[in-house]
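Every number here is computed from the coordinates shown, using simple stated rules; none is lab data. Note that the structure is predicted; figures quoted are calculated from it, not measured. Using ideal geometry, Cβ is built from the backbone for each residue, glycine included, and neighbour counts are taken over all protein chains shown.
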């Protein structure tokens, strides 16, 4: 049933023309897509930058970084879903250049969703998968007399860990005197 105008002097009774339905402008969708991509990348980049080793770090900054790191996996998936919806809108209303830009904007969103689930510290400091241990006599071939070592003696069993070698991996798991150790500095 359509709404008709009251008959006027001509008695036509033509349907009323309401305002056209509002459509979200393409430019607004493009800006929203870029903003969503920027937020997703920031959710991953800010904690990684804040937690960089060998830089001064405050407790408040680390607390914010860990909060972002905990929120990032869910938030980046939501951003990817929103970005896909915006890219779909742009796809329907754009020519090839707009479509290409919409797809290009999805790349950082997908990358942020993937990186938020990774431990980038393992990339910075890969764990030592198969550590080798030598006697003190054998270690003399690669440990110089002036090299610093971390040493421990437990129940008569001694072990030394060259700082130069621990510096890259940052942690060595070992057992000395029947006691499990996590050697780090």
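Averaging Cα coordinates gives a centre for the range 64-108 and one for the range 109-179; these two points are 40 Å apart. Extension gain for residue 135-residue 35 works out to 30.2 nm (0.36 nm per residue, less the C-alpha to C-alpha distance). Ranked for footprinting exposure by Cβ neighbours inside 10 Å, fewest first, 168, 121 give 168, 121. Residues 58, 28, 76, arranged from fewest to most other Cβ atoms within 10 angstrom of their Cβ, appear as 58, 28, 76. With the highest mean first, a sort of the peptides 33-42, 63-72 on other beta-carbon atoms found within 10 angstrom per residue produces 33-42, 63-72. Spin-label model, residue 150 to residue 85: label points 7 Å out along the Cα-to-beta-carbon direction sit 4.9 nm apart.
Each of 161, 185 has some number of other Cβ atoms within 10 Å of its Cβ, and from fewest to most they run 185, 161. Here the simple spin-label model places points 7 Å from the Cα toward Cβ, and for residue 119 and residue 175 these points are separated by 2.2 nm.
For the range 26-124, calculate the relative contact order in percent as a whole number, restricting contacts to Cα pairs under 8 Å that are 6 or more residues apart. Before the final figure, lay out the partial values.
Values: 94 pairs, mean separation 40.2, N = 99.
Reported relative contact order: 41 percent.
Normalising the Debye intensity of the range 26-124 to I(0), with uniform scatterers on Cα atoms only, and taking log10 at q = 0.10, 0.17, 0.21, 0.25 Å⁻¹ returns -0.32, -0.73, -0.94, -1.18.
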